[in-house]
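Here's the structure we're looking at; comments come further down.
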Amino acid sequence: MGGAASAPEDPASAVSTAADATTDSASSSGRTDDVPPPDAKRVAADGADRRSETADDAYVAGATPYTEQDEQWLRSGPMSKALDPNLRVTRVASRCPRNGTPRVLECYPLRVAQNLARSETKGFSKNKWNSKKGDAPVPWPNTFWLCCPVAISKIGKLEHEGFIKTYNSRFEHPETQPDPEDALLDATKFRAQHAKYASHRWRLLSPDDVSLAKREGYDAVLEKCGVGGLRVPTQVKCLHLHYAHFLATKDNLVGEWCQNELDARDERALR
């Protein structure tokens with residue numbers, strides 16, 4: 001999910017572009033079982049110590065510091081380039097229960113799009129990193145980033161099998177559901193979950209960055225749009241976005257449905 005795609009230069013009209021960047025291939029970094037659990041006492045330089053004082057820690061109850069060992073683990077994976085080096089990881093929102101490695105990262109809502117030093121490195125295009133904002137911060141609405149390769153693969157299979165359409169139909173066409181009233185209640189709950197996500201993302205910003213975001217018009221993306229920057233709160237576009245949000249907060253219906261489906265498949269496999 002998320003990758004090295006540039007944040008929208010016109011946040012009011014191109015929010016979905018940022019959300020669309022969160023695909024299977026763009027979030028598959030790291031390995032799973034061959035690395036020991038990280039030492040949560042060591043905090044990386046741009047990690048949890050730079051979070052806003054107004055951030056809602058209770059919303060991500062299981063969060064732990066993002067450590068140097070976490071960063072090394074992420075960079076060691078075969079898809080390590082998927083994690084944009086210009087992102088600021090604030091915390092690990094969820095860890096693998098088996099080995100303690102990161103499953104979901106919490107990311108700061110702003111990043112620098114231009115990195116000329118990196119663009120001059122072999123294998124990178126300078127045009128890829130340039131933006132009309134130069135080296136000024138631009139929005140990064142994907143607060144929760146799924147980084148566990150096992151989870152990414154499993155959710156990718158659900159997408160391939162058409163579950164995006166299945167879940168989207170429940171919100172967009174409740175009249176087609178076995179219990180239309182229940183489907184309408186789900187849509188209402190899902191809108192509220194989008195709003196809570198946006199509120200948390202906005203509170204991650206420092207006071208100076210809140211001022212910058214308002215001045216640049218980034219509040220249209222960071223304060224008013226939902227999960228991953230989606231403008232339509234009943235639209236399901238990427239299951240990885242919603243599953244990451246669920247693992248981090250247990251507050252996403254689509255992510256919960258994904259978890260239920262994965263649990264059912266695991267149970268059937270054991271029979």
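The values are calculated or read from the model by the stated rules, or taken from the named source; none is laboratory data. Quick caveat: nothing in here was measured; it's all calculated off a predicted structure. So basically every Cβ, Gly included, is an ideal-geometry build from the backbone, and we count neighbours across all protein chains shown.
Restricting attention to the stretch 134-155, and to residues there that are small (Gly, Ala, Ser) and under 17 Å from ALA82 (Cβ atoms), which single residue is surrounded by the fewest Cβ atoms within 10 Å (Cβ to Cβ)?
Looking at the filtered set, the residue picked out is SER153.
Of everything in the stretch 206-265, what is among the small types (Gly, Ala, Ser) and in contact with a Cys (Cβ under 8 Å, 6 or more places away or on another chain)? Give them in sequence order.
Within the stretch 206-265, GLY228 is the sole residue that qualifies.
Between a residue in the stretch 155-182 that is without any contact (Cβ under 8 Å) to a residue 60 or more places away in the chain and among the charged types (D, E, K, R) and any residue that is surrounded by 15 or more Cβ atoms within 10 Å (Cβ to Cβ) and assigned to a helix (DSSP H, G or I), which pairs come within a Cβ distance under 6 Å, given they are 6 or more apart or on different chains?
Correct list of pairs: ARG170/ALA183.
Within the stretch 219-233, is there a residue that is among the basic types (Lys, Arg), closer than 24 Å to LEU158 by Cβ and not in a helix (DSSP H, G or I)?
yes
Pick out the one residue from ARG75, ARG91 that is modelled with pLDDT of 75 or more and under 15 Å from the mean Cα position of the chain (by Cα).
From the options ARG75, ARG91, the qualifying one is ARG91.
Just the residues that are free of Cβ contacts under 8 Å to residues at least 24 places away in the same chain, touching a Leu at 6+ places or on another chain (Cβ under 9 Å) and farther than 18 Å from ARG91 by Cβ, please, taken from the stretch 226-269.
The answer is HIS242, GLY255, GLN259.
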